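The values are calculated or read from the model by the stated rules, or taken from the named source; none is laboratory data. The shown structure was predicted, so the numbers you read here are calculated from the model rather than taken from an experiment. As a convention, Cβ positions derive from the backbone with ideal geometry for all residues, glycine included, and neighbour counts pool all protein chains shown. We work out accessible area using only protein heavy atoms, side chains counted, and drop any ligands, DNA or RNA first. Shrake-Rupley method; radii C 1.70, N 1.55, O 1.52, S 1.80 Å.
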Amino acid sequence: MYQYDAYDHKILEKRIEEFRDQVNRRLSGELSEEEFKPLRLMNGVYLQLHAYMLRVAIPYGTFTSTQLRKFAHIARKYDRGYGHFTTRQNIQFNWPKLVDIPDILEELASVEMHAIQTSGNCIRNTTSDQLAGVAVDEVADPRPYAEIIRQWSTFHPEFAYLPRKFKIAITGASHDRAAINFHDIGLEMVKNDAGKIGFKVIVGGGLGRTPIIGSVIREFLPERHLLSYLEAIMRAYNLDGHRDNKYKARIKILVKENGIDAYRDTVEKEWEAIKHEGNTDLPEAAQQLIFNHFTPPTYTHRARHKIDFEDFFKNQQEYAHWLSNSRHDHKVEGYAAVTISLKPVGGIPGDISADQMDKLADLADVFSLGEIRSTHEQNLVFAHVHEDDLPALWQELDKIGLATPNHGLISDIIACPGLDYCALANARSIPVAQQISERFGSDERAKEIGELKIKISGCINACAHHHVGHIGILGVDKKGVESYQLLLGGNADENASVGKILGPGFSEDEIVDAVETVVDTYLALREDGESFLDAYKRLGAEPFKGALYDAN
Amino acid sequence: MRARDKNQYIATANQLHDGAVVYFTGKYWSQDIEQSFVTWDSDFLLKLAEETIEKENLISLEAAKIDENDPSISPISMREKIKAAGPSINY
Ligand code: SF4
């Protein structure tokens, strides 16, 4: 994992000093709200319905037990005892006081973290595959490149005021766990015929008001040209992106309007110009310095943590169920990666208490080399667990309420904060997620249904990626009353698709029944071993529409 | 003369230093919604409230429709209900 040098520490120190001064000047009235708002947003501070929210960047979703303990401390000392993991692999605190935020940022800096560029029209936190570096289907570890992008994009003066926010995702694996087709830029690490590593580059993907699957702008970009090529894409977007209309300002609209071929030509010209005016690619030695932070760990550890055999044999079936959906194959024989679901049945997706954070940090030290990953599906991952330790880890997770065996199943729901917190929301997301999770809460039922991803957004901004849910739910405002639209058939992985709205929306009282009708229809019509998504592809929307609307 | 809206309104804002929700009483601001100044004229209400917000260190001034059939002051929209009562979930 990347470790800060003296220069990184100095930058943060200066930045916090600057922000502290800005907060003080705002509180004294020297700065107006109009002047202050963009400054606080640059530091990840939003105003929600009842309080400020601080969004902390977790670069490519990897963090240490020390950093997790710091989150716990911040949650306890400055917030209300919990944090919330987001679909951008970040963590948010929902109740910090503005006056405390400079102190919180100082605490974060002490563990090499910050909230810079977690908001505003700049390049945001680069997201990645939660199994990066350990996935069996990986061409190469994408994290060193994610770190290179992080360093390049942080405070990049040319890209500090883009037409709109800009999100990059990178994966090294063939199975896309990072939703690269739905980012402004998606990067997939690939090998060419000569066995050289490079990137397939995708641009113009996105969700929100206009969901678009990204287009391939380059099938193979040699890895050493990553930064100059990204710079060319950014420059073309920065010049031509619509600054006059917020809703048309994302790169996806530019690519859609001009067509990928024309956009590619513009980027190629920019790229040529960049190469002539002084190549911005990272020199090999500098690249190597970053790579040194990501050498694979030596896998000699085994926790040899005590197993409570009596409990284990009594609950073997539960363990087997948890294992079947939470364990992932690992590059190194004898090891596994483990998803830790933050979706307890009836709970709030992505929330974790300060006590759980502290205990989980201890478990990470014992079982997973002190490292934790956050996923864009609002779960956590231990990436380095010895297979022999799995029963003990399961027992320990269970003690702190973090052994819910539902990863990838119907109750593993992504939900945005929605109207319970968010000032932009039309409808609540969390209570709908809670009710669905309770309705399908039994392990047997979830197992029978199989893989099914539900994603619920409280407004068209689509923070919970409802367009790419196998079942997507979008909260809308119907004359001051919450209403929910149902979408089917979305998919965020390499077989990307955008879900289609089924028909008229449902009230808060109806939406869970509507989801159940969809699920029952699937169960009745599926062929042997057919997943929800495959059944939907085969059957189309009609049988689901019929079941939902014809009876009425 | 401005046509009267059939709805009644109150004014809300957030405290600058901590973001907490407050309500306009006509003179000052209170965390107690029941002390709200109620009027049919939302433009007048916002104008009156606006004059105080800078001095009172407040942000995000908004008018909220209330239910005139309710004896206590109760906002109509779910958004304002949640703003008044806090998140509807057990966090
Ligand atoms: S989708 Fe809308 S309601 Fe949900 S967090 Fe994003 S902006 Fe807020």
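Quick notes on this structure:
- Summing Cβ point charges (Lys, Arg +1; Asp, Glu -1) relative to the Cα centre of chain A gives a dipole of roughly 1280 debye.
- Counting only lysines at least 8 places from B:K6 when in the same chain, those with an alpha carbon closer than 16 Å to its own are A:K479, B:K65.
- Approximate spin-label separation A:D261-A:V332, in nm, with each point projected 7 Å along Cα-to-Cβ: 5.0 nm
- Chains B and A together bury roughly 2000 Å² of accessible area, counting both sides, with a 1.4 Å probe on protein heavy atoms only.
- Calculated FRET value between A:T298 and A:D5, using beta carbons and R₀ = 35 Å, to 0.05: 0.90
- The value obtained for the range A:136-266, namely the Cα convex hull volume divided by the number of residues, is 103 Å³ per residue.
- Mean Kyte hydropathy of -1.0 or more with a Cα span along the axis of at least 20 Å, helices from DSSP in chain A: A:226-240, A:508-525
- Rough spin-label spacing in nm, given labels placed 7 Å along Cα→Cβ, for A:S531 and B:E68: 5.6 nm
- Carbon-plus-sulfur accessible fraction, the range A:217-274 (probe radius 1.4 Å, protein heavy atoms only): 47%.
- Candidates B:L58, B:L16, B:L46: whichever shows maximal mean-square fluctuation once chain B is modelled as a Gaussian network with Cα springs under 10 Å: B:L16
- Contact residues in the range A:403-420 (at least 30 Å² less accessible area with all protein chains than alone, 1.4 Å probe): A:L419, A:D420.
- In this calculation the C-beta distance from A:E35 to B:E34 is compared with R0 = 41 Å, giving a FRET efficiency of 0.75.
- Note that the range A:452-552 presents 41 Å² accessible area per residue, ligands and nucleic acids not counted, probe 1.4 Å.
- From helices alone, chain B scores -6500 deg cm²/dmol at 222 nm; the rule is -39500 (n - 2.57) for each run of n ≥ 4 DSSP H residues, then divide by the residue total.
- If you take all other residues with their beta carbon under 12 Å from the beta carbon of A:I212, and give Lys and Arg +1 and Asp and Glu -1, the sum is +2.
- Cleavage-rule hits, trypsin sites (Lys or Arg not before Pro), the range A:422-503, DSSP coil, Cβ neighbours within 10 Å at most 14: A:K479
- Gained length - A:A194 relative to A:N461, 0.36 nm times residue gap less alpha-carbon distance: 91.9 nm
- Adding -39500 (n - 2.57) for every DSSP H run of four residues or longer, then dividing by how many residues chain A holds, sets the calculated 222 nm ellipticity at -11500 deg cm²/dmol.
- Accessible surface computed residue by residue for chain B, with neighbouring protein chains in place and a 1.4 Å probe, gives 56 Å² per residue.
- Spin-label model distance (nm) - A:A286 vs B:H17, 7 Å beyond Cα toward Cβ: 4.5 nm
- Whole-percent carbon and sulfur share, accessible surface of the range B:25-76, 1.4 Å: 48 percent
- Accessible heavy-atom area order of B:E51, A:E147, A:E158, highest first, probe of 1.4 Å: B:E51, A:E158, A:E147
- Taking 20 Å as the straight-line reach from the Cα of A:K196, the aspartates and glutamates in range (excluding those fewer than 8 positions away in the same chain) are A:D137, A:E138, A:D141, A:E188, A:E219, A:E223, A:D281, A:E284.
- The range A:503-552-the range A:271-329 distance, computed between alpha-carbon centres (Å): 37 Å
- Considering only B:I53, B:A20, B:A63, the residue lying farthest towards the positive end of the dipole of the range B:8-85 is B:A20, judged by Cα position with unit charges set on Cβ.
- Charge dipole magnitude, Cβ of K and R +1, D and E -1 - the range A:114-239, Cα centre, debye nearest 20: 420 debye
- Cα gyration tensor shape of the range A:309-399, rounded if a/c is under 1.5, else prolate or oblate by comparing a/b with b/c: rounded
- Members of the range B:66-91 that become less accessible by 30 Å² or more once partner protein chains are added (1.4 angstrom probe, chain alone as reference): B:M78, B:R79, B:I82, B:K83, B:P87, B:S88, B:I89, B:Y91
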